[in-house]
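Nothing in this text is a laboratory measurement; each read-out follows from the coordinates by a stated rule. Bear in mind the structure is a predicted one, so any value in this text is a computation, not a measurement. No Cβ is skipped: glycine too gets one built from the backbone with ideal geometry, and neighbour counts run over all protein chains shown.
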Amino acid sequence: MNLALDVAHVAANFGQFRALNDISLSLEAGETLALVGANGAGKSTFLKILCGLVDSWQGTVNINGTPLKPGSPRQSSELGLALVPEGRLLFESLTVRENLMIGQTARSGPWSLEAIERLFPVLKERRNARPRELSGGQQQMVAIGRALASNPQILLFDEISLGLSPAVVREVYDALKAVRKEGVTLVIVDQDISRVCNVSENVACFFKGTVTHYGPAAGMTAAALHEAYFGGRT
Ligand SMILES: Nc1ncnc2c1ncn2[C@@H]1O[C@H](COP(=O)(O)OP(=O)(O)OP(=O)(O)O)[C@@H](O)[C@H]1O
Ligand SMILES: [Mg+2]
């Protein structure tokens, strides 16, 4: 059986600066990976590569057995990838409903607009509001809903809980359970390592562009994590 996501020896430069070096990891369909690491470790760059937002990189990425081309957001979307970006990046001139509709693609699946509004009822109540009229938590729900609207097979979250209140973080993580139930493969970047590890099968820690720890999330001890986070190979 093909892996949902199979990454081998991926490297990326920004000019002379090597942002990622020899990244290899893989996810089975339906698996959740926690992606952690300090500032500048390369987490966002890695997610952007998967979404076709980095024009030049080396190595191979296979999505369900199909090789990913660098810098092709269209191909990434067609292969079922969707990103909930850091800072939401909503369309300010569009309403909540229109932001959700922007995410829709030709792919069908469980995430109709109605299903998304059932997941986050506030999106139905505020359907005609503009993003700037929403709280940060509501904006994050729109961003998640917009990504779900594409009925993704692999859903990527960058800084999923950044700037959100504890109550909203709980609501967002509760929603992930429903998303996982539909068999979606998840990669989640979160600064709160224990929280993200709690919902993940595996955890990868990046440090200065390399993988310093990769293994079952349940086996992640505080000592191993500390070492990986600050560059030690465990
Ligand atoms: N477009 C770019 N041009 C030049 N350098 C970049 C670019 N994007 C990222 N970098 C650099 O690549 C490195 C990795 O950045 P990246 O944003 O992927 O890290 P991160 O792990 O997401 O960090 P953070 O926790 O701060 O979000 C950093 O040193 C960053 O300055
Ligand atoms: Mg980042």
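List of remarks:
- Unit charges on C-beta of K, R, D, E only; dipole of the chain, Debye: 340
- Spin-label zone in segment 207-221 - amide nitrogen under 14 Å from a point set 7 Å from the Cα of residue 17 along the C-beta vector: 208-209
- Placed amide H near residue 207: partners under 5 Å, 5+ positions off or other chain: 212
- Between the C-alpha center of segment 122-178 and that of segment 1-77 there is a gap of 23 Å.
- Whole-percent pair-distance distribution, where bins are 5 Å wide, for the alpha carbons of segment 158-234: 3, 15, 24, 23, 17, 12, 6, 0
- The slack between residue 180 and residue 128, meaning 0.36 nm per residue of separation minus the straight C-alpha distance, is 15.9 nm.
- Highest to lowest packing among 26-32, 172-178, 137-143, 182-188, scored as the average C-beta count within 10 Å: 137-143, 182-188, 26-32, 172-178
- All lysines inside 29 Å of residue 48 as judged from Cα atoms, apart from same-chain residues fewer than 8 positions distant: 69, 177, 181, 208
- Translational D in µm²/s for the chain (Stokes-Einstein at 37 °C, 0.692 mPa s, Kirkwood Rh from C-alpha pairs): 183
- P(r) histogram, all alpha-carbon pairs of segment 72-210 included - 5 Å bins from 0, percent: 2, 10, 21, 24, 21, 14, 6, 2, 0
- Helix 166-181 vs. the chain, principal-axis angle (Cα, 0 to 90°, nearest 10): 80
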